[in-house]
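To start, the structure under review is shown below, and the notes come after it.
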Amino acid sequence: MKKLLSSILTIVIALSVIFAATGCSQRSETNGENGTKAKITIGIVQIVEHPSLNTIRESIIKELEANGYKDGENIAIDYQNAQNDQSNLKTISQKFVRNNYDLIIAIATPSAQSVINETDDIPVIFSACTDPIGAGLVQSLEKPGANVTGTSDKVSAEMIMNLADKLTPGIKNIGALYNAGEANSVSVINDLKNYAAQKGLNVVEATVTSTADVSQAVSSLTGKVDAIFTPIDNTVASAMPVLADAALEAKLPVYVGADSMVKDGGFATYGINYEILGQETAKMAIEVLGGKNPGDIPVKQMTDMDIYINENTASKLGITIPEDILTDAILLK
Ligand code: TRP
């Protein structure tokens, strides 16, 4: 009898130990005192505030929400903006890694480069990186490998220049305005140089390192070029109003890499839809949250392009848009 009692006691003790242990592991999944289920933590880092990047971020958050991932409910988003400063980028990336977030979304190339420098294991989804291979983010678009994948917003310098040739024929000298420190821009400028070499055109470069340099860069091109080409450059995009004014003064059409730069006074582009790019970025994040390995998800490139033209800029420059282009184009003011 004594033996039976002692074995019952042993079982009871053992069970309570197991129970306590399970309870403990449950507690570690909660957010502390209130006992709610732990949220999935997502860090979002954006290099700078400009309309295109804001559109992307808003679209990502909206798409996550549409799929049941709502900030403040089952996910916690820590959004940080680096104000176009490399050292801020590093601080933010290090903080995200230190906090051991479940996922990091990096908007634009400089953000992605900074984040992948800090972690080899937290899943990283980059968004709107023009040339992920050239920027050293992945080694292959089809099979990125490691902890990184994302979306690319690559545009074609050739398509934009063919459009330029129809809108403002006779361009011989093209001013290339960009930040040479942005891998995303260098990639498109290299394509522009190839295009120019094939067509026997001349490229005159004007590089900037900050938004403050843009007005001076336009002055350096004035009188030497027939048009300005600026790629999907975060520095230039942040100074679009200055560029638009300076170019109008110099009577130069500005061909740009993104719709938002047309909206901000640039003349025209053949570009992608950034709202869709944001949705695609969120879809990848959702796959990864569902357990998929980022390295197994191919980098997504946007294939649908549209012509965007700023009507006000056209009329201020005295440019008449040919009928066939007008019917295809998305007109902005
Ligand atoms: N493609 C840019 C990069 O790789 C980011 C970007 C997205 C951007 N949309 C833009 C830059 C519009 C300038 C304008 O960093």
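Rounded to whole Å and sorted largest first, list the principal axis extents of the Cα atoms in segment 269-333.
Projected onto its principal axes, the Cα set of segment 269-333 covers 55, 19, 15 Å.
Which FRET efficiency value, to the nearest 0.05, is calculated for Gln198 and Gln301 with the Förster distance at 25 angstrom and r the Cβ-Cβ distance?
0.65
Rank by packing, highest mean first: peptides 169-175, 59-65, 248-254, with packing defined as the count of other Cβ atoms within 10 Å averaged across residues.
Put in order of decreasing packing, that is 59-65, 248-254, 169-175.
How big is the chain on each of its three principal axes, counting only the C-alpha atoms and giving the largest first in Å?
Result for the chain: principal-axis Cα extents of 106, 37, 34 Å.
What's the magnitude of the charge dipole for the chain around its Cα centre, counting Lys and Arg as +1 and Asp and Glu as -1 at the beta-carbon? Answer in Debye, nearest 20.
1040 debye
Charges on Cβ only, +1 for Lys and Arg, -1 for Asp and Glu, centred on the Cα centroid of the chain; of Gln301, Met240, Ile189, which one is farthest towards the dipole's positive end?
Working it through, the farthest residue towards the positive pole turns out to be Gln301.
Cα-Cα pairs above 22 Å in segment 79-180: how many percent?
Counting every Cα pair in segment 79-180, those more than 22 Å apart make up 41 percent.
Have a look at Ala157, Ser210, Ile92 and report the one farthest towards the positive end of the charge dipole of segment 77-214, computed about the Cα centre with Cβ charges (Lys/Arg +1, Asp/Glu -1).
Positive-most Cα among the choices belongs to Ala157.
Can you tell me how much longer the chain between Glu58 and Tyr79 gets when fully stretched, taken as 0.36 nm per residue apart minus their C-alpha distance, in nm with one decimal?
Working it through step by step, the gained length comes to 6.4 nm.
Hey, any idea what the orientation-averaged projected area of the convex hull of segment 208-302's Cα atoms comes to, in nm²?
7.4 nm²
For Ala176, list long-range residues whose amide hydrogen, built 1.01 Å from N in the peptide plane, is under 5 Å from its own amide hydrogen.
So Ala176 has HN proximity to Val204, Glu205, Ala206, Phe229.
With θ taken as phi - 60° and the coefficients 6.51, -1.76 and 1.60, list the Karplus ³J(HN,Hα) couplings across segment 176-191 in order, rounded to whole Hz; mark glycine and proline as x.
Along segment 176-191, the couplings run 9, 10, 6, 9, 5, x, 9, 4, 4, 6, 3, 4, 6, 5, 4, 5 Hz.
Among the DSSP beta bridges whose two residues both lie in the chain, what percent are antiparallel, rounded to the nearest 5?
DSSP beta bridges in the chain are roughly 10 percent antiparallel.
For the chain, with a Gaussian network of springs between Cα atoms less than 10 Å apart, report the residue from Thr211, Thr313, Thr91 with the top mean-square fluctuation.
Result: Thr91 has the largest fluctuation of those listed.
Stokes-Einstein D for segment 144-215 at 37 °C, 0.692 mPa s, Kirkwood Rh over Cα pairs, in µm²/s?
In µm²/s, the coefficient rounds to 236.
Arrange the peptides 75-82, 318-325, 195-202 so that the one whose residues have, on average, the most other Cβ atoms within 10 Å appears first.
Highest mean packing first, the order is 75-82, 195-202, 318-325.
Under 8 Å for C-alpha pairs, at least 6 residues apart: give me the relative contact order for the chain, rounded to a whole percent.
After rounding, I find 17 percent.
Pull up all non-local amide H partners of Tyr79: gap of 5 or more, or a different chain, and H-to-H distance under 5 Å with H placed in the peptide plane.
Residues meeting the amide H criterion: Ile44.
Every read-out reported here was derived from the displayed coordinates using simple, explicitly stated rules and does not represent laboratory data. Keep in mind the model is a prediction, meaning the values are calculated, not measured. Here Cβ is always computed from backbone atoms with ideal geometry, including for glycine, and neighbour counts include all displayed protein chains.
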